[in-house]
Amino acid sequence: MSAHEKSQATGPSGALFGPPLSDRGYALLTLLCLGILLAFRLLALYASKIDFVMDEAQYWTWSRDLDFGYFSKPPLIAWVIRAMGETCGLSEACTRAASPILYTLTSGVLFVIARTLFNARVGFWTAIVFATLPGVSYASALITTDAPLILLWTLMMFFWVMLVKQKSMGYAILLGLAIGTGLLAKQAMIYAVLCIACHAVVSREAREALKGGRAIVAALIAIALFSPNIFWNAEHGWPTAKHTGDNMGWRAPYVHPLELLEFVGAQFALFGPILFAVLVRAAIRYVGRPDDPNKTLLLSFSLPILLALVIQALLSRAHGNWAATAYPAATVFVTAILIEHGRRVLLGISMALHILVAAVIGIAPAFARTWAPFEQLTFLRSSIAWEETADAVRKLLSEGRYGAVLADTRDMTAELLYYMRDVDTPIYAWKRRADPHHHYQMTRPFVAGVPEPILLVSVHSCRRGIIGKFDNVTELAPVQIPLVRDKTRTLHACVLSGYHGDGK
């Protein structure tokens, strides 16, 4: 039996769980399961008591001012949120709904990829495994740049699969469209170039696919689509490039083992402990004895990304979600390996664990105000009661005549802009240095001439570095914002006038 034939076998019965189905049967079952999971996640978003986290609120404010670029990211996330706002509404649930929808579509594309490379049975399990990955369950509860990126990455991967198989200029054009649009979603789409190059190094079929002008056509289309963001960055002093460089943060002594351990640990959490262990073990064994071109393709679109980020983590740091683009291909690879070797129990345990995690992630936000972990963990507490915080600021504004609100952090600026979107009083961000360090310092910095008096609000204090630049300062009584049971957030406020900057 050839390696490819082995990849389609599933044990003596020919089925992983129950009797085998036709291709159409597996497609319908995939559609049914993904539809049920999507419905659950949309209902969970509606019931959620979690307010926008800072990134979500920031992306929403971007969507109010459509452009070809923003301080830290390309523009696609803003366009997606604006589309959701126009069709569904401005609520958190409507805005976030784009995320589970996009991940469900991604799972559907993975079904097609796995069916093309192996069979419909592998396609079904790949779609379900990916849709229930802990990282996907978590990401589906938020609206982030990864949601459109991963869909476009998976489409790119499908077009590459078809280009390798058919050597068609049409698929080269589609590949360029997917890469170019993906670059408008997130800079991480550039990994596609690395993965294609790695595949071409080890595969004659991949090298053939790039010939006949197909590589040039795909590259030109991708560059043309991404060029508006390049021009935007050039006009604004390259803020996205600078932000990306700051995130990389290479620094002496260039060996940070704890950061590396944290990154690797995050991968076990995001991909699942069983699946990640299978991925590492199977990849090591396969690289030493490659015998299936389909698996070679899949590893070419996952291992280079993981290895690059392992190096990045060792040199500086790497957030766990930076490896998100490695997991569509890794999911197909691991699922095919488990089915090929009849690892029913292992896959079943992994699925049960992931479904449990998906249920907790979906249900827990509905009880955010009473669930103990939200009281104990700072990062969870920071995701609630921003609407009440905005209400407290709104009440302070109603008690006096103010020309502007001044926020001292990006978090506060983003949250107030969303939760006070019905208030006419302008909101400005404090800029401590000449160069902006976040989007609001670039687009709405506090400058001389802002109408006074000004209401400074902070969850820390009325900082001396701010109030020292005003002649008149009146500190208002702190306001306690209830969070979880006995926990509160303290809102500090000061009335400022007579701005003199550094001139006094």
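The values are calculated or read from the model by the stated rules, or taken from the named source; none is laboratory data. Bear in mind the structure is a predicted one, so any value in this text is a computation, not a measurement. Note that we place each Cβ from the backbone using ideal geometry, even for glycine, and neighbour counts take in every protein chain shown. Just so you know, the surface numbers come from the protein's heavy atoms only, side chains and all, with ligands and any DNA or RNA stripped out. Shrake-Rupley method; radii C 1.70, N 1.55, O 1.52, S 1.80 Å.
Looking at Ser72, Ser107, Ser99, which is the one that is more than 16 Å from Ala147 (Cα to Cα) and polar (S, T, N, Q)?
Ser72 is the lone residue from the list that is more than 16 Å from Ala147 (Cα to Cα) and polar (S, T, N, Q).
For the stretch 118-133, which residues satisfy the criterion of being closer than 15 Å to Val161 by Cβ and in contact with a His (Cβ under 9 Å, 6 or more places away or on another chain)?
Result: Phe118, single match.
Name the single residue that is surrounded by the most Cβ atoms within 10 Å (Cβ to Cβ) among those in the stretch 385-432 being within 18 Å of Thr490 (Cα to Cα) and among the small types (Gly, Ala, Ser).
Ala414
As an exercise: evaluate Leu347 against (1) touching a residue at least 24 places away in the same chain (Cβ under 8 Å); (2) surrounded by fewer than 16 Cβ atoms within 10 Å (Cβ to Cβ); (3) in a helix (DSSP H, G or I) and give the number of the one condition it does not meet.
Here Leu347 meets the rest and fails (2).
Before we move on, is Gly342 buried (at least 23 other Cβ atoms within 10 Å of the Cβ), touching a Ser or Thr at 6+ places or on another chain (Cβ under 8 Å) and at positive phi?
Judged against the criteria, Gly342 is not a match.
Within the stretch 316-327, restricting attention to residues that are assigned to a loop (DSSP other than H, G, I, E, B) and open to solvent by 50 Å² or more (accessible area, probe 1.4 Å), which residue is nearest to Met162 (Cα to Cα)?
Of everything passing the filter in the stretch 316-327, His319 is nearest to Met162 (Cα to Cα).
Within the bounds of the stretch 104-115, is there any residue that is under 26 Å from Ser48 (Cβ atoms) and in contact with an Asp or Glu (Cβ under 7 Å, 6 or more places away or on another chain)?
no
Could you grab the pairs with beta carbons closer than 7 Å, sequence gap of 6+ or different chains, first residue in the stretch 369-394 and closer than 16 Å to Met412 by Cα, second one aliphatic (A, V, I, L, M) and surrounded by fewer than 18 Cβ atoms within 10 Å (Cβ to Cβ)?
So the pair list comes out as Arg394/Val423.
Select from the stretch 371-384 the residues that are part of a loop (DSSP other than H, G, I, E, B) and of a type in the set (A, V, I, L, M) and write down the one among them that is most open to solvent (accessible area, probe 1.4 Å).
Leu377
If we keep just the residues of the stretch 17-44 that are open to solvent by 50 Å² or more (accessible area, probe 1.4 Å), hydrophobic (A, V, I, L, M, F, W, C) and under 13 Å from Gly123 (Cα atoms), which is nearest to the chain's Cα centre (by Cα)?
Leu31
Could you tell me which residue of the stretch 445-504 is farthest from Phe367 (Cα to Cα), considering only residues that are open to solvent by 50 Å² or more (accessible area, probe 1.4 Å) and touching a helix residue (DSSP H, G or I) at 6+ places or on another chain (Cβ under 6 Å)?
Among those residues, the one meeting the criterion is Val473.
Hey, which of the helices (runs of 4 or more DSSP H) in the stretch 243-300, taking only ones fully inside, have at least 1 residues that are over 21 Å from Ile339 (Cβ atoms) and open to solvent by less than 80 Å² (accessible area, probe 1.4 Å)?
Output list reads 257-271, 273-288.
Looking at Val334, is it touching a residue at least 40 places away in the same chain (Cβ under 8 Å), aliphatic (A, V, I, L, M) and open to solvent by less than 40 Å² (accessible area, probe 1.4 Å)?
yes
Show me the strands (runs of 3 or more DSSP E) found entirely inside the stretch 403-504 where at least 2 residues are closer than 30 Å to Asn233 by Cβ and of a type in the set (A, V, I, L, M).
Ranges flagged: 404-407, 427-429.
Which number in (1) open to solvent by 10 Å² or more (accessible area, probe 1.4 Å); (2) without any contact (Cβ under 8 Å) to a residue 60 or more places away in the chain; (3) more than 24 Å from the chain's Cα centre (by Cα) marks the one condition that Phe159 misses?
Failed condition: (3).
With the condition being out of contact with any Leu (no Cβ under 8 Å at 6 or more places or on another chain) and open to solvent by 40 Å² or more (accessible area, probe 1.4 Å), I'd like the helices (runs of 4 or more DSSP H) fully within the stretch 65-134 carrying at least 3 qualifying residues.
The helices (runs of 4 or more DSSP H) meeting that bar are 76-87, 98-117.
Within the stretch 215-222, does at least one residue satisfy the condition of being under 24 Å from Ala326 (Cβ atoms), surrounded by fewer than 16 Cβ atoms within 10 Å (Cβ to Cβ) and touching a helix residue (DSSP H, G or I) at 6+ places or on another chain (Cβ under 9 Å)?
no
Would you mind finding the one in Ile305, Ile361 that is open to solvent by 10 Å² or more (accessible area, probe 1.4 Å), closer than 21 Å to Phe130 by Cβ and touching a Ser or Thr at 6+ places or on another chain (Cβ under 7 Å)?
Criteria check complete, one pass: Ile361.
Residues Ala313, Ala336, Ala366: which one is at pLDDT below 95, in a helix (DSSP H, G or I) and either of a type in the set (Asp, Glu) or touching a Lys or Arg at 6+ places or on another chain (Cβ under 8 Å) (or both)?
Ala366 is the lone residue from the list that is at pLDDT below 95, in a helix (DSSP H, G or I) and either of a type in the set (Asp, Glu) or touching a Lys or Arg at 6+ places or on another chain (Cβ under 8 Å) (or both).
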